[in-house]
Amino acid sequence: MNVQGKVHKYGDHIDTDVIIPARYLNTQVHKELAAHCMEDIDKEFVSKVREGDIMAAGVNFGCGSSREHAPIAIKASGISCVIAATFARIFYRNAINIGLAILECPAASAGIEDGDEVAVDFDTGVITNKTKGETYQAEPFPPFIKDMIAKGGLMASLKAGKADA
């Protein structure tokens with residue numbers, strides 16, 4: 001699985017209340033959540049993000065509450081992958097659970113800038129900044145996690161497994 005897109009870059013300690021403000025948590029509708037993704041720090045995000053784009057950030061991305069709304073809002077907005085120096089552990093697990101691809105790579109986090117065109121090869125973990133002609137190495141996902149993400153997350157993967165049986 002490979003993705004390529006324009007980067008939307010954010011800083012360190014982006015918490016779940018910034019990703020999707022608490023005032024919008026009264027809905028479970030994914031597109032409704034996406035309509036408010038990142039609005040408290042980037043009012044233009046929802047109008048400039050395109051399907052397949054990539055989000056990059058610094059350290060401790062997704063800190064704060066344990067709600068799944070944050071990775072759902074990011075994925076539903078069209079983001080295909082989030083690259084960060086580090087992720088809050090609960091966000092990391094929630095992202096995998098809902099099928100949002102995420103990669104920890106401090107070098108990519110430092111080198112990638114807002115607006116860069118970036119490609120990600122999930123099989124190898126290679127992140128290529130096409131704008132700058134630089135490559136970075138992230139740890140690739142093990143096959144079972146790649147499969148889970150490809151199927152749309154944990155629940156979809158479990159349902160698909162039952163259908164295969």
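Before moving on, here are some points about what is shown:
- Rh (Kirkwood; distinct C-alpha pairs) - the chain, Å: 15.7
- Sequence of His13, His69 from largest to smallest accessible area, 1.4 Å probe: His13, His69
- At the residue level, Arg67 shows approximately 50 square angstrom of accessible surface with a 1.4 angstrom probe and all protein chains present.
- Once each of the GluC sites (Glu not before Pro) sitting in a DSSP loop with at most 13 other beta-carbon atoms within 10 Å is removed, the chain keeps 52-112 as its longest stretch.
- Relative contact order (%) - the chain, alpha-carbon pairs under 8 angstrom, separation at least six: 24
- Span from the the range 144-158 Cα centroid across to the the range 45-99 one, whole angstrom: 16
- For the range 56-165, the solvent-accessible area with a 1.4 angstrom probe is 42 square angstrom per residue.
- Rolling a 1.4 angstrom probe over the range 71-152 with all protein chains present gives an accessible area of which 55% lies on carbon and sulfur atoms.
- Listed residues Ser65, Ser80, Ser47, most fluctuating in the chain (Gaussian network, C-alpha, under 10 Å): Ser47
- Computed over the range 111-165, the convex hull of the alpha-carbon atoms projects to a mean area of 4.7 nm².
- Here the sum of -39500 (n - 2.57) over DSSP H runs of 4 or more residues, divided by the residues of the chain, equals -8500 deg cm²/dmol at 222 nm, to the nearest 500.
- Note on the chain: lysine pairs with Cα distance below 14 Å, sequence gap of 8 or more or different chains, count 9.
- When the alpha carbon gyration tensor of the range 9-70 is reduced to an equivalent ellipsoid, its three semi-axes come out at 17, 16, 10 angstrom, largest first.
- Take every pair of alpha-carbon atoms less than 8 Å apart whose residues are at least six positions apart; their mean separation over the length of the range 1-92 yields a relative contact order of 37 percent.
The values are calculated or read from the model by the stated rules, or taken from the named source; none is laboratory data. Only a predicted model underlies this, so the values are computations on that prediction, with no experimental measurement involved. Ideal geometry is used to build each Cβ from the backbone, glycine not excepted, and the neighbour counts take in all protein chains shown. Protein only, heavy atoms only, side chains kept; ligands, DNA and RNA dropped before computing areas. Shrake-Rupley method; radii C 1.70, N 1.55, O 1.52, S 1.80 Å.
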